[in-house]
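Worksheet for the structure shown next.
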Amino acid sequence: MATRAEFLGRIRAEVRRAPGLFPATPAPRPERPAEAAQAVRRQMTDRWPGALERFQEEFALVSGVFHRVGTMEDVPSVIRDIARQKDARGVTSWDPGQLGIDLRPSLEAEGLSLVAAPVHGDNDARARYREAAAAAQIGVTGADFALAETGTLILMSGPGRPRTTSLLPETHVAIFGKSRLLETLEQVGVILEALHAEPESARRGAVVNFITGPSRTADIELTLTRGVHGPKEVHAIFVDSL
Amino acid sequence: MSDQALRTPFSERAGAALRDTSLQQALTLATTKFIGLRKEAFATYPQGERARDQARAIKEATLQRLDHYLNMLADNVERLGGHVHWATTGEEACETILRICRECRVKTVVKSKSMATEEIELNEALEHAGVTPIETDLGEYIIQLAREKPSHIIAPAIHKTRGQVADLFSRVLKGQFPADPEVLTAVARKELRQKFLQADMGITGANFAVADTGTIVLVTNEGNGRMVTSLPRIHVAVMGIDKVIPSMTDLMFFLGILARSATGQKISVYTTLVRGPRQPGELEGPDEFHLILMDNGRARQIASELREALYCLRCGACLNVCPVYRQIGGHAYGYTYPGPIGILLTAMLKGDRAVKDLAHASSLCGACQEVCPVRIDIPRMLIELRQRLDRERIAPLAERVLFKTFAQVLTTPALFRLAATLGRLAQRPFVRGGRLQNLPLVFARWTKGRDLPPVAARTFSERWRELR
Ligand code: SF4
């Protein structure tokens, strides 16, 4: 095995030998990412309610199911309806603090069981949560961003926000509000630049997932089939008061 | 592909593909569908053309400072608690993974689709070492069960019918499954779910790696990339050094054009950005993250005629439009990467000798360049590759002499006039139905698979003189 110095040395030698095909620079990045992110947020307030309509349209095109409610108090009844439709008994969710609501009282009153993710945990907690997420039929999460251009939900992992809540159950439900709306990939780029420019102490989890509709494949004779590994259904609940 | 298969010459492999009617049907169906979907996707994306230019410029700019960006990527991955390995060859990459397997007592590995691991034949190496690799992309899973190789970069099992898949699943998974894609997909879901939950290690490739943040980017539709990076205790990502890009801003341009080029989707279902192992406070994610940065023949092309092939995103669009690929499919090429770009990548990874015949498996029509999201000039490089084969004396002697003579004749007017006259006389016995067929001697191989137009009764310059 080569060391880093040897490996890069060889590449440097090749790079120096080659003039390059044409003058080129990477895409220009925001100089002050935090300010650029603020500017994006301001742009988005002007795009209301057009951006939400666009999200709805695109989300439907990728087979997402859209719901809109007034306040967080209305969310449990939407989840109950989905559970009834799916004949589901088990629900798992992000930690209530991360989700912005404790679903337990209202779901348990309906005879549904809920396992909320612990904020921190050791190996045992991980194994326990995995088992619960694999057994649950519905996974409830927030969404850090909702990208209108493609109907995409963007979720960041972190304490109390496990990756598998939106992955193992057959139905994924994501809750978000107006401030989460973005319209273009370019804006997502600005926001991600700003997040990564924050000090390490502000760092969250290791993963950012862009989720655009249910899991799908066309690997057998190009026949579109849903839910090959991830969820078969994805719901988005838009909450006006958020 | 096994050495056994490669011992048959390309012309025979191609011939067999042409006689396989079910393959022919599948190829036409799939490639035609992909072409249509791609076209529609770009028609409704006005900024697409600019994004393609930008993406091309980003790839070129990255190559101009490749050592710098790789260094930055490695620093960031290590800062996040990941391990970086530098593999000059495919064997070194395999060895590194096997070493990690031994040290961490790994018995089973789940893999998400990765051309880089196909390229280094990692599955064979793992099996040989007693580790069980399980492909989890549905298409890859099917061909792994069938013990075959992918026939398309993004749709590895397009050569298989639903009936064949049903038979395969019934035999290997011991059941009775109908030829229904929905049912078969559900069978695979159940089968693979258990594997995800039990595996010790997840192996992925990388569609991109962002130097500035140390992020590995995986694009999938099925969600297997997410499973593989979330559940096992070790995650190993294997990437060619050509996959690095500078920043998140750059990444967005690629996300806008990659899926549109590959499947006509605006964006794939899952784009997963992974930074290192499980971070402090997180419940889930691997204990260990390893990034294998692999050269395997790439670096030496930075200053060669094939430089531009290092821009490739592996979207498969150039395969779908290639008149040769559409006829013979992926297997006939005989190596990991098929289609027009595959010829160049094979030359890069396996050496020029490997593409002695393949270099000619292109009509140079230019369709590939037109659809390529980063506008790679594949036809130019194929011509340069042919010249290189000639210079390196890899092309057959007869072919080299023939072309040298041909060039001489074309550039010497007197010789050209003489040749035209002689050609008209000499060709007489071989012209049938207005075409030259079954030429003798060294020319026989040329006309075995194709007809040629005969030398015209009067050359253009003769007619020109008359007209004046
Ligand atoms: S050469 Fe271009 S079109 Fe072909 S696979 Fe690579 S990126 Fe796609």
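If you check residue B:379 against the conditions, is it in contact with a Gly (Cβ under 7 Å, 6 or more places away or on another chain), within 16 Å of the ligand (Cβ to nearest atom) and not assigned by TED's automatic domain parsing to the domain that holds residue B:160?
yes
Among residues belonging to region B:232-266 that are under 17 Å from residue A:211 (Cβ atoms) and away from the ligand (no atom under 16 Å from the Cβ), point out the one that is most open to solvent (accessible area, probe 1.4 Å).
In this case the residue turns out to be B:266.
Can you tell me how many residues in region B:133-149 are within 11 Å of chain A (Cβ to nearest Cβ) and either over 19 Å from residue B:108 (Cβ atoms) or part of a helix (DSSP H, G or I) (or both)?
Here the count works out to 6.
So, in region B:358-381, how many residues would count as being of a type outside the set (S, T, N, Q) and surrounded by fewer than 16 Cβ atoms within 10 Å (Cβ to Cβ)?
Residues that pass the stated criteria total 5.
Taking region A:6-29 on its own, how many of its residues are more than 7 Å from every other protein chain (Cβ to nearest Cβ) and surrounded by 11 or more Cβ atoms within 10 Å (Cβ to Cβ)?
4
Conditions: (1) within 7 Å of another protein chain (Cβ to nearest Cβ); (2) closer than 30 Å to residue A:233 by Cβ; (3) open to solvent by less than 10 Å² (accessible area, probe 1.4 Å). Residue B:275 meets all but one. Number of the miss?
(3)
Since residue B:338 meets every condition but one in (1) in contact (Cβ under 8 Å) with a residue 40 or more places away in the chain; (2) crowded, with 21+ Cβ neighbours inside 10 Å; (3) near the ligand (Cβ under 9 Å from one of its atoms), which condition does it not meet?
(3)
Residue B:156 versus (1) at the interface with another protein chain (Cβ under 10 Å from one of its Cβ atoms); (2) in a helix (DSSP H, G or I): which is the lone unmet condition?
Checking residue B:156 against (1) at the interface with another protein chain (Cβ under 10 Å from one of its Cβ atoms); (2) in a helix (DSSP H, G or I), the one that fails is (2).
When the residues of region B:309-332 are narrowed to those that are away from chain A (no Cβ under 14 Å) and at positive phi, which ends up farthest from the ligand (Cβ to nearest atom)?
Of everything passing the filter in region B:309-332, B:329 is farthest from the ligand (Cβ to nearest atom).
Kindly indicate whether any position in region A:30-38 is without any contact (Cβ under 8 Å) to a residue 12 or more places away in the chain and either surrounded by 18 or more Cβ atoms within 10 Å (Cβ to Cβ) or part of a loop (DSSP other than H, G, I, E, B) (or both).
Checked against the condition, which is being without any contact (Cβ under 8 Å) to a residue 12 or more places away in the chain and either surrounded by 18 or more Cβ atoms within 10 Å (Cβ to Cβ) or part of a loop (DSSP other than H, G, I, E, B) (or both), region A:30-38 yields at least one hit.
Out of the residues in region B:159-187 that are in a helix (DSSP H, G or I) and in contact with a Ser or Thr (Cβ under 9 Å, 6 or more places away or on another chain), state the one that is most open to solvent (accessible area, probe 1.4 Å).
In this case the residue turns out to be B:182.
Any residue at all in region B:273-286 that's within 11 Å of the ligand (Cβ to nearest atom) and of a type in the set (S, T, N, Q)?
no
On the basis of being open to solvent by 10 Å² or more (accessible area, probe 1.4 Å), in contact (Cβ under 8 Å) with a residue 40 or more places away in the chain and touching a strand residue (DSSP E or B) at 6+ places or on another chain (Cβ under 7 Å), does residue B:298 make the cut?
Here the answer is no, as residue B:298 does not meet what is asked.
Looking only at helices (runs of 4 or more DSSP H) that lie completely in region B:34-124, which have at least 1 residues being open to solvent by 60 Å² or more (accessible area, probe 1.4 Å)?
Result: B:48-64, B:66-79, B:90-103.
What's the number of the condition residue A:137 fails, among (1) within 12 Å of chain B (Cβ to nearest Cβ); (2) surrounded by fewer than 24 Cβ atoms within 10 Å (Cβ to Cβ)?
The number of the failed condition is (1).
Pick out the one residue from A:119, A:115 that is touching a Phe, Trp or Tyr at 6+ places or on another chain (Cβ under 8 Å) and either part of a loop (DSSP other than H, G, I, E, B) or open to solvent by 10 Å² or more (accessible area, probe 1.4 Å) (or both).
A:115
Checking residue A:204 against (1) open to solvent by less than 40 Å² (accessible area, probe 1.4 Å); (2) in contact with a strand residue (DSSP E or B) (Cβ under 7 Å, 6 or more places away or on another chain); (3) within 9 Å of chain B (Cβ to nearest Cβ); (4) of a type outside the set (Ser, Thr, Tyr): exactly one of these is not met. Which one?
The number of the failed condition is (1).
Only one residue in B:305, B:384 is in a helix (DSSP H, G or I), open to solvent by 20 Å² or more (accessible area, probe 1.4 Å) and within 16 Å of the ligand (Cβ to nearest atom). Which one?
The unique qualifying residue is B:384.
So residue B:443 fits all but one of (1) out of contact with any helix residue (DSSP H, G or I) (no Cβ under 7 Å at 6 or more places or on another chain); (2) under 30 Å from residue B:259 (Cα atoms); (3) not acidic (Asp, Glu); what number is the exception?
Result: residue B:443 fails condition (2) only.
The values are calculated or read from the model by the stated rules, or taken from the named source; none is laboratory data. None of the values given here were measured: they were computed from a predicted structure. Glycine also receives a Cβ, built like all others from the backbone with ideal geometry; neighbour counts cover every protein chain displayed. Remember, those area values only see protein heavy atoms, side chains included, never the ligands or the DNA or RNA. Shrake-Rupley method; radii C 1.70, N 1.55, O 1.52, S 1.80 Å.
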